[in-house]
Amino acid sequence: MRVATLFIIIWVFAILPVNAQWIFEPSPTRLRIVASKKQDAVESGMAVLEARLDKDKNGQGYIINYGTGTEILAREKQLQNTTFLQRRLFHDGPRITFVRGGFRPIASSDIWFVPPGADDPVPDSGYRIVTVIGDLNEELLMAEVDHIYIDLGNVGQRSKAYFVVSGPTRDRRQFVRKVSRYVRLRKFPQALLEFRYEKPSTKFEVTVYAPAQ
């Protein structure tokens with residue numbers, strides 16, 4: 001009986017098609033998600049990556065940063081100043097890739113290890129751009145707000161839209177006042193909107209994000 005069973009196992013492997021090897025292809029591993037801004041938390045995440053890179057000399061580090069544009073730039077700078085990269089940048093710099101993954105309500109870094117032959121991880125913030133507003137014209141602005149609430153209703157009532165506002169301080173304040181006043185007038189649920197501010201700049205622009213459908 002054992003001989004017959006062994007024969008069947010050998011026969012099954014013998015007739016497997018060559019392309020069945022895809023089952024054993026390597027894949028990236030997410031080692032840590034770092035959401036805290038504290039340097040200790042960032043250092044700890046990079047220490048985990050360092051240990052994995054030491055274990056597999058042919059692997060790659062892949063770090064996807066999420067948040068607003070300003071938050072992503074700040075996190076990249078923070079990562080570059082970690083003990084790991086400061087100490088070993090000459091040797092490990094080419095083995096580590098930074099990627100800007102897009103908006104997330106909570107800025108974070110996904111730290112990945114990519115073994116040889118594996119595809120790079122695909123950024124997925126979970127959010128999409130609903131619209132970009134570049135005009136303070138009241139009529140156009142209110143039409144955009146209506147559109148955003150319709151979009152949120154299609155996704156689900158618990159969804160929230162985030163307005164990432166950049167531009168001169170005066171324009172940013174004017175924008176928030178106009179939107180808030182219109183939302184109260186229409187009696188829309190104000191809790192579904194949240195404003196985030198980038199550093200003041202010369203160009204006024206608002207990018208609106210909502211959860212991916």
Name the residues in segment 25-47 that are among the polar types (S, T, N, Q), more than 18 Å from the chain's Cα centre (by Cα) and closer than 18 Å to residue 60 by Cβ, would you? 27
Just to be sure I understand, how many residues within segment 92-137 are of a type in the set (A, V, I, L, M) and surrounded by 17 or more Cβ atoms within 10 Å (Cβ to Cβ)? 8
Residue that is farthest from residue 128 (Cα to Cα), among those in segment 184-206 that are open to solvent by less than 80 Å² (accessible area, probe 1.4 Å) and touching a Ser or Thr at 6+ places or on another chain (Cβ under 8 Å): 201
Selection from segment 36-45 of residues open to solvent by less than 40 Å² (accessible area, probe 1.4 Å) and in contact (Cβ under 8 Å) with a residue 24 or more places away in the chain yields 42, 45
List, please: which pairs have Cβ atoms under 8 Å, are six or more places apart or on different chains, and start with a residue in segment 158-174 that is more than 17 Å from residue 104 (Cα to Cα) and end with one that is open to solvent by 40 Å² or more (accessible area, probe 1.4 Å) and part of a strand (DSSP E or B)? 167/200; 167/205; 168/200; 169/200; 172/197; 172/200
Output the residues belonging to segment 174-209 that are farther than 17 Å from residue 143 by Cα and outside any helix (DSSP H, G or I). 194, 195, 196, 197, 198, 199, 200, 201, 202, 203, 204
When every residue in segment 152-161 that is open to solvent by 20 Å² or more (accessible area, probe 1.4 Å) and not β-branched (Val, Ile, Thr) is compared, the one modelled with the highest pLDDT is 160
With 180, 109 as the choices, which residue is closer than 22 Å to residue 68 by Cα and touching a residue at least 60 places away in the same chain (Cβ under 8 Å)? 109
So is residue 164 assigned to a helix (DSSP H, G or I), surrounded by 17 or more Cβ atoms within 10 Å (Cβ to Cβ) and modelled with pLDDT of 95 or more or not? no
Going residue by residue through segment 46-54, is there one that turns out to be open to solvent by 100 Å² or more (accessible area, probe 1.4 Å), out of contact with any strand residue (DSSP E or B) (no Cβ under 9 Å at 6 or more places or on another chain) and at pLDDT below 95? no
Quick count over segment 64-90, residues being touching a Leu at 6+ places or on another chain (Cβ under 7 Å) and surrounded by fewer than 21 Cβ atoms within 10 Å (Cβ to Cβ), is 1
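The values are calculated or read from the model by the stated rules, or taken from the named source; none is laboratory data. Just so it is clear, the structure is predicted and the values come from calculations on it, not from any experiment. Heads up, the Cβs are rebuilt from the backbone with ideal geometry, glycines too, and the neighbour counts pull from every protein chain shown. Remember, those area values only see protein heavy atoms, side chains included, never the ligands or the DNA or RNA. Shrake-Rupley method; radii C 1.70, N 1.55, O 1.52, S 1.80 Å.
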